[in-house]
1. Rounding to the nearest 10 and keeping the result within 0 to 90°, find how far the Cα-based axis of helix A:148-159 lies from the longest principal axis of chain A.
2. Using a 1.4 Å probe on the protein heavy atoms only, what accessible surface does residue A:728 show? Give it in Å² to the nearest 10.
3. Chains B and A: what accessible area do they bury, summed, in square angstrom to the nearest 100, with a 1.4 Å probe?
4. Can you list the residues in the range A:217-247 whose accessible area drops by at least 10 Å² when all protein chains are present, compared with the chain alone? Use a 1.4 Å probe, heavy atoms only.
5. Angle check, please: helix A:529-549 long axis (alpha carbons) against the longest principal axis of chain A (alpha carbons), in degrees 0 to 90, nearest 10.
6. Give me the accessible area per residue for chain A, probe 1.4 Å, as a whole number in Å².
7. Any idea what the dipole of chain A comes to, in debye rounded to 20, about its Cα centre with Lys/Arg Cβ at +1 and Asp/Glu Cβ at -1?
8. Could you tell me what percent of the accessible area of the protein assembly as shown is made up of carbon and sulfur, with a 1.4 Å probe and every protein chain present?
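The values are calculated or read from the model by the stated rules, or taken from the named source; none is laboratory data. On a predicted model such as this, the values are computed, not experimentally measured, just so you know. Neighbour counts run over all protein chains shown; Cβ positions are idealised from the backbone, glycine included. To get the accessible areas, we keep the full protein, side chains included, count just its heavy atoms, and leave off ligands, DNA and RNA. Shrake-Rupley method; radii C 1.70, N 1.55, O 1.52, S 1.80 Å.
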Amino acid sequence: MIETKTQRSQGAARDPVCGTTIDPAQAFATRTRGLEMLYFCSERCVQQYDREHISSATTGVSGTGQLRRIELAVADLGGQQGAKRLEEQLKALPGVWQVTTNARARLLRIAYDPDKTQVETIVGRARAAGYTLAASTTQLDIGGMHCASCVVTIEEALKATPGVLAASVNLATQQAHIEYVPGLVDRKGLARAIEQAGYRVRAESVPAETALDRTEQDRAKEYSSLLRKFWFAALVSLPVIVFSYPQFFPGLRDWLPPESSALRIAWAFLGVLTLPVMFGGGSHYFTGMWQALKHRQANMYTLIAIGVAAAWLYSSVAVAAPQLFPSQALAQTFYDVTAVVIALVNLGLLLELRARGRTSEAIKKLIGLQAKTARVVRDGTEVDLPVEEVLGGDIIVVRPGEKIPVDGVVLSGNSSVDESMITGESIPVEKHAGDEVIGATMNQTGSFRFRATKVGKDTALSQIIRLVQDAQGSKAPIQRVVDQVAHYFVPTVMILAVAAATIWFVFGPQPTFIYALIVFVTTLIIACPCALGLATPTSLTVGIGKGAEQGILIRSGDALQTTMRLQTIVLDKTGTITKGKPELTNVVAERDFDEDELLRLAAAIERNSEHPLASAIVEGAMARTLALPEVTNFKAVPGHGVEGEVEGKHILLGNARLMTTHHIALGRLVAETQRLADDGKTPMYVAINGQAAGIVAVADTVKDESVAAIAALKRLGLEVVMLTGDNRRTAEAIGRQVGVDRVLPEVLPQDKAHEVQRLQLEGKTVGMVGDGINDAPALTQANVGLAIGTGTDVAIEAADITLMSGSLAGVVTAIEISKATMRNVRQNLFGAFIYNALGIPIAMGLLYPFIGVLLSPMIAAAAMAASSVTVVTNANRLRSWHPKGTQREKEKRS
Amino acid sequence: MSGTNILAMVIGLALIGGIAWFFWGPRKSGARAAVTSSGYKEAMILVKGGYTPDVVVVQHGKPVRFNFRREETVTCSEMVIFNDFAKSAHLPTGETVPVEFLPEQPGEYEFTCQMGMLRGKLIVE
């Protein structure tokens, strides 16, 4: 802690390192210990002292009585005002000596006395004041934990570590979840604390995304095991088919005549051969059935297992004890059914598994976007670190063509960044100091340094991944119906199979026993609960993933389904249709005055004003590369405007009241002002030396793509409503300009939700598009709330759908995705229902009395395998979907 | 109608009744989740052809943590979904995956696999 010379006490002092007595005024350096001042004779002594005592942001080590300094990154400092408020809040804490904030770098530096206060208290106070500190959370896998008391020991060890804010240990998962301040402790420090408590820390714990990887690995394992089982069943099927029907094979026909003992021996051999097929190649059907039966549930495995087992048992009885059958013709075998059905259904499962892997490709792509390493400045040198080790507050260097590793704020340098992977917006974005950058986006031309604000699971990308995963796991309302059907489906099929077999046995033609068996087995096997169960989730996974690729985050299956049904779309004007920031639009000069000159003087005087419209005029002048002269005698007249002297001229800028007060005749400018106001602009009069000189007008301008997007929405058959706080005249002017159907003017911010409700009372399904922060109640009230956001500030939590690109075109795409996905879902469900509704009655032999058609169990197995593969393949068709609405509109315009 | 036929019909009807009762009949009440040191209502749920236990009783307003452990490789059960709480989790084989949420309203909620074939019930008191 380096002190200023004025604070030094008088008199001689002893260097605490070498013991030399020195004059404090001559000391090389000073440090404080508690309230005591220490003086050092030389650089060597002070360095040695520092090594032993001083704390630094990266080590967090400090001696007692020593002031400790920490740096904390704050995610939402809220500009200079917010920074000041936070400083005041923290300074009020006892033991906090010094607080400085850097609003641009969003960094908080605190010096505090560890004897009097804790980091936890400081962090707690900052959080209570509404700030988000970039604290990190991590998970560590712990080994050697065997009892519940270990949990407490480890938690306490962690909590006693400086910098740890919270720690919870889960015995079941053998994991510790730790929230910590990155500057004070790191993963190594946390691991050391656990090890000192007597436990082991296993290698790097993996973040949540890799649960998907492991699911993938499981699938791959399942795939290869199924593949083996398929080949085994298929190979065994060949001899089984041949020997089951020797009459079709010339050489065998004579050797194995019907009802001969040679044939019985051959069949007995087949019975033994198919046993390993059933319990090896088809083992999963039996274990699956057994596990489900224990829960009094039934699934596809139950059907297949009962089917093939029934065929095998019948055959084996026929071989072992043909005398039990009333006629020898009945003593037939169906070993071929057992082997072939298992082979075919395994093949179906294989194909389905492969196709299902592709449905989650979008999320794999998102996960793959994550940068692997970051070039971090540590102790003044640049080091390449794995991205997991980047801490909130680190300074990171990005070179041309590199990926930006985490979210942050640019400190220095300029560049353009391709953010299309996150926002779906293809045009690169210019970045300067103070701008936000998003992790996983691609730096293009320049190089820059930025400070990490969000790392690990807090980055925009991680949040997107989590959101998409959750959404893909959610259910669309349509699926609740399907779920109910699925609940009754399998037992119903079993009941139908028993009923059909009984009816065939009692009323069917001879040999009734064989017909009953065939019908029973076929009905069980043709039924495909998988096609029903897969229909909705697979399409949803693809559709939501497709949205994420386009920068559209759909929160749930519910939102996806409702979006399709929207009838009215309400657009908040400011920030949604318009840029949300005023721009200079018109400069009108009176005769005898030059337009540029007028603007130059107006901008010069407005440079001193703090009015939000003023900066629009200044920026407008800058855009015309006008040099702005100095202003003297500047005066703001609240409610009227501003006045001042520029280059010896007296300038007035403001509304009509200001001009009237100064008795300035406005003449034809009044009509001009009226015209500009009618167009929704804000005109201001400029007077030079007591004479009306002209008008400058500013307006919140419409985003380039808004008109096209609104036209596309109308073409989709939606009623487009604009909601604004502007007066009716202005609102209607803008409404005309962008082509909305209806304008709701003069709506106070708190009444937005009410207006949405009014539209709903008209019987409409309403979608509300807003910025997600001010419009949260209206977004919630609407049937679907769509939040428009850019960069890392998106209020992902606030809305059903988040449009990362910040463009209205995303609304059109979202509706198109919803329609395409739900169409796909309906195709799948229709296919699955029709398949079962036709297949099961045919298998039961309903057609037999009319056209004599009865299915073979093997055809049933092929059909069943094909049906579930078809469903997944149809869902995969969605992957090639592309948005078209706005594209067409763009082409029309160009 | 011959005796065999009558016997066949009786057996058929008995089987149908048996299937209906077995799968749709009344079930026994479920397990009660225990409170652990962390303040969560915790329950360990085994995923193997179904959920064991498949009925779990918790109290409203108390955070709940279900630790799912999947001990099979069939892909049917690779995800668990709590649709009413907008929660879902991938369940890699042989790993324990915690799912946490806060049931605020008493009532009965379902948790299912991604295809709705495996079902469990959460009773919030």
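1. Helix A:148-159 sits at roughly 20 degrees to that axis.
2. 120
3. Details: alone 7910 and 40710 Å², together 44090 Å².
That pair of chains buries around 4500 Å² in total.
4. At a threshold of 10 Å² (probe 1.4 Å), the residues of the range A:217-247 that become less exposed are A:218, A:219, A:222.
5. Approximately 20 degrees, to the nearest 10.
6. Values: 38440 Å² over 894 residues.
Computed with neighbouring chains in place, this is 43 Å² per residue.
7. Details: 87 positive and 87 negative charges, 431 e Å.
Result for chain A is approximately 2080 debye, rounded to the nearest 20.
8. Carbon plus sulfur share of accessible area: 57 percent.
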